[in-house]
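Read the structure below first, then the notes.
The values are calculated or read from the model by the stated rules, or taken from the named source; none is laboratory data. Note that the structure is a prediction, hence the values are computed from the model and not measured. Cβ placement follows ideal geometry from the backbone for every residue including glycine, while neighbour counts extend to all protein chains displayed. With ligands, DNA and RNA removed, areas are computed over all heavy atoms of the protein, side chains included. Shrake-Rupley method; radii C 1.70, N 1.55, O 1.52, S 1.80 Å.
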Amino acid sequence: MKPLFHRTVIGEPVERHPVWMMRQAGRYLPGYMQVRAKTSFLDLCRTPELAAQVTMEPIELFDADAAIVFADILLTADAMGVEVAFPHGGPKIIEPIRTPQDVERVHEPDASRVRAVSETVAILRKTLPETKSLIGFSAAPFTLVAYMIEGGTSRDFNLTRLFAHEHPAAFGDLMGRCADALVPYLKEQTEAGADVLQLFDTWGGILAPELHARYVIPSVQRVVDGLGADRVPVIYFPGIGAEARLEAAASTGVEALSLDWRTDLGAAYARVGDRVRLQGNLDPTILLTTPENIREQTRKMLSQVPAGRGHLANLGHGILKETPPENAGAFVEAVQSFALAGAPA
Ligand code: CP3
């Protein structure tokens, strides 16, 4: 039988809601910090044995229902000739894409530069119990493009929006190059053993509706179509502040949407109906409070799921580095002990 998480993503009736946490392997965990004391972030991503080890930590500590391969969305930018560094305080693109001429240096991905990710997946598939899903991932095309242009994380991604307005042809070209690069990268992960994929479009919410409809939605569709008819289920995270784009995101053909914490979960279920499953969306700051409050807020969240539906319980964005590990454990436990009315035994 397929893992509980996988069955929930494809909408089969389930005995309880599965749970994992975005960025669940990271700086709030002692084992991760021990590894990072001796290894740079990029070396960690590129050393399959170590990447697999840190991926397993939240599974071993909390018994989460899915593991997500330890890597980063920007490894693909690097493989396409847009070099990335991770100095303290977030990612940096060494030479951002700022002109139509710059787009010409974005080449087809050099598979050898990202091979470590599928090798990590292969190790994990052997290590992970069969009851757990293994999630492979990449950025969605727009978020990859946004980092390439902006050069790092930004509040509003002004340079990215300006590029789209000033150079629509070059912008469309860059979006296409990224979409086409992500397809073989994701396929390699599924061939190595990932049974679900997640596309992170973290900054998808910053575009005006017209640009979003013209670029973001077709590019996600291009990736999903490119994966082919025998692809594994896909979860799409349309981004922080993308609540207004739910219906469009649901139209891309993905199995599930991941929601940020600002989105009203009950209303989201009413809007998307049976078209997709939903993932999320507890505010990650709630994990900085108390186990009692975490249990209460988790129950509140899950009580908004319509009867008979399986929900992919998660946070509304990445877990914060200040999170006490026992509070992450309280969240996982609260989901796993939540009884479903009328669920199959
Ligand atoms: O979820 C997991 O445990 C798997 C690992 C994972 C990482 N990055 C590890 C990481 C995943 C799925 C990602 C995706 C990712 N990377 C996204 C999309 C998800 C999201 O958060 O919206 C984005 C936007 C990035 C780009 C990126 N990488 C940023 C903005 C940062 C800085 C984050 C921070 O908290 O400082 C990174 C670095 C990064 N990626 C870290 C980790 C654990 C921290 C590195 C460290 O200092 O050890």
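Roughly speaking, what is the centre-to-centre gap between the stretch 221-265 and the stretch 139-160 when only Cα atoms are used, to the nearest Å? First find each Cα centre; the distance between them is then 19 Å.
Count the DSSP beta bridges whose two residues both fall in the chain, then state the antiparallel fraction as a percent rounded to the nearest 5.
Working: 3 of 25 bridges.
That works out to approximately 10 percent antiparallel.
To test your reading of the geometry: what angle, between 0 and 90 degrees and rounded to tens, separates the Cα axis of helix 141-150 from the longest principal axis of the chain? With rounding to tens, the tilt is 60 degrees. Between GLY318, SER337, ALA268, the Cα set farthest toward the positive side of the dipole of the stretch 260-345 (charges on each charged residue's Cβ, about the Cα centre) is that of ALA268. Solvent-accessible surface (1.4 Å probe) assigned to ILE73 amounts to roughly 30 Å².
In debye, nearest 20, what is the charge dipole magnitude of the stretch 116-203 about its Cα centre with +1 on Lys and Arg Cβ and -1 on Asp and Glu Cβ, if you could check?
The calculated dipole for the stretch 116-203 is roughly 180 debye.
In straight-distance terms, cross-link reach from LYS126 covers every one of the aspartates and glutamates whose alpha-carbon lies under 19 Å from its own, apart from those fewer than eight places away in the same chain; here that gives GLU49, GLU57, GLU60, ASP63, ASP65, GLU188, GLU191, ASP195. Length available on full extension from ALA85 to ARG115: 0.36 nm per residue minus the Cα-Cα distance, which gives 9.0 nm.
Available extension along the chain between GLU15 and ARG155 is 46.3 nm, counting 0.36 nm per residue and deducting the alpha carbon span.
Rounded to the nearest 10 degrees, the angle from helix 168-192 to the longest Cα principal axis of the chain is 50 degrees. Length gained on full extension, GLU191 to GLU247, computed as 0.36 nm times the residue gap minus the Cα-Cα distance: 17.1 nm. When nucleic acids and ligands are ignored and a 1.4 Å probe is applied, LYS187 ends up with an accessible area of around 70 Å².
Computed over the chain, the alpha-carbon pair-distance distribution with 10 angstrom bins reads 6, 26, 36, 25, 7, 0, each value a whole percent.
Using a probe radius of 1.4 Å on heavy atoms only, what accessible surface per residue do you get for the stretch 88-209? Whole Å² is fine.
Working: 5110 Å² over 122 residues.
Per residue, the stretch 88-209 has 42 Å² of solvent-accessible surface.
For the residue pairs LYS38/LYS187; LYS132/LYS187; LYS2/LYS187, alpha carbon separations beyond 23 Å are given by LYS38/LYS187.
Treating the Cα atoms of the stretch 45-133 as identical point scatterers in vacuum, please give the log10 of the normalised Debye intensity I(q)/I(0) at q = 0.12, 0.19 Å⁻¹, two decimals. For the stretch 45-133, the Cα-only Debye profile gives -0.47, -0.89. From the P(r) of the stretch 239-343, could you give the percentage of C-alpha pairs in the tail past 15 Å? So the portion of pairs separated by more than 15 Å is 61 percent. Which FRET efficiency value, to the nearest 0.05, is calculated for THR99 and LYS126 with the Förster distance at 35 angstrom and r the Cβ-Cβ distance? Between THR99 and LYS126 the formula returns 0.15. In the assembled protein chains, VAL114 presents an accessible area of approximately 10 Å² (probe radius 1.4 Å).
Here's how it looks for VAL196: its modeled amide H is under 5 Å from those of LEU134, GLY136, which are all 5 or more places away or on a different chain.
Going by accessible surface with a 1.4 Å probe and the largest first, LYS92, LYS126 read LYS126, LYS92. The angle between the Cα long axis of helix 325-336 and the longest principal axis of the Cα atoms of the chain comes to about 70 degrees, rounded to the nearest 10.
Looking at the stretch 42-141, the GluC sites (Glu not before Pro) that sit in a DSSP loop and have at most 15 other Cβ atoms within 10 Å of their own Cβ are GLU83, GLU104, GLU130.
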